[in-house]
Amino acid sequence: MAGGFFGGLSGKDPTSRFESAGPAPAVPPAGASERLKQTMHGAPAAVLANFLVRSGSLKGQRLIVRTPVANIGRADYNDLMIPDESVSTSHAKLQRREGVWVLVDLDSTNGTFVDGDRVKGETPISPGVTVRFGDISLVFEPTDDAAGTAKGSGTRVLEVIRPGAPPAPKPAPPPKAAPAPAAAAPAKPKPKPAPKAPVAEKKKGKGCGGSAAVLVMAFMAIVYWVLI
């Protein structure tokens, strides 16, 4: 009765005080959430890279990469969703570090492969490489000008990205052999002195002294002969 009385005085239904006075919440238009994912601070995000799908239900489609870090997997909360049973829920992660794209395997069941080699931990990838998540094969195509990678540069980038054991020092070149001493020239034999020509002995000539002695002896012989 009291409620009806006061309600009649105010001209309002007494139950109206339990109704919400605020407006109904606005419902976002269809596709707004998808467009929101592709924007950053209200501006459309640039396409940094894409994967061209080569097999599976998404064959021929491109998976667009718009952020420097993109999660890849089967679940719909990933940045790149691949709806295939061979792909793990959270399969891999793509990261751009200082202009270099690095692919990280998140302990997936069926593995992540780059050009046929299984990724253990992480590995850099270059434009045009073939990437496989489980059974799904894709081709990586970066579109940013500052990617800083080129085909064949994976090994060099891997050494920079992955800190590991220092490279083995280069072996020292073998010491150069000392040049052999030049052979000494044989000593020239000293010339033998020429034999001296025999000097002819000079015969002493008979002088006057010899003649006188002969005469004396002859004289004495004559005297001796006379006296006898």
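Under a 1.4 Å probe, what is the accessible area of the range 67-149 per residue, stated in Å²? Write down the numbers at each step before the final one.
Working: 3770 Å² over 83 residues.
Using a 1.4 Å probe on heavy atoms only, each residue of the range 67-149 averages 45 Å².
Once you have the Cα-Cα distance between V214 and T89, take 0.36 nm times their residue separation minus that, and quote the gain in nm to one decimal. Mind dumping the intermediate values first?
Numbers: separation 125, 0.36 × 125 = 45.00 nm, distance 15.80 nm.
That pair, V214 and T89, stretches by 29.2 nm at full extension.
The values are calculated or read from the model by the stated rules, or taken from the named source; none is laboratory data. The structure presented is a predicted model; accordingly, all values stated were derived computationally and were not measured. Heads up: the accessible areas ignore ligands, DNA and RNA and are worked out on the full protein's heavy atoms, side chains in. Shrake-Rupley method; radii C 1.70, N 1.55, O 1.52, S 1.80 Å.
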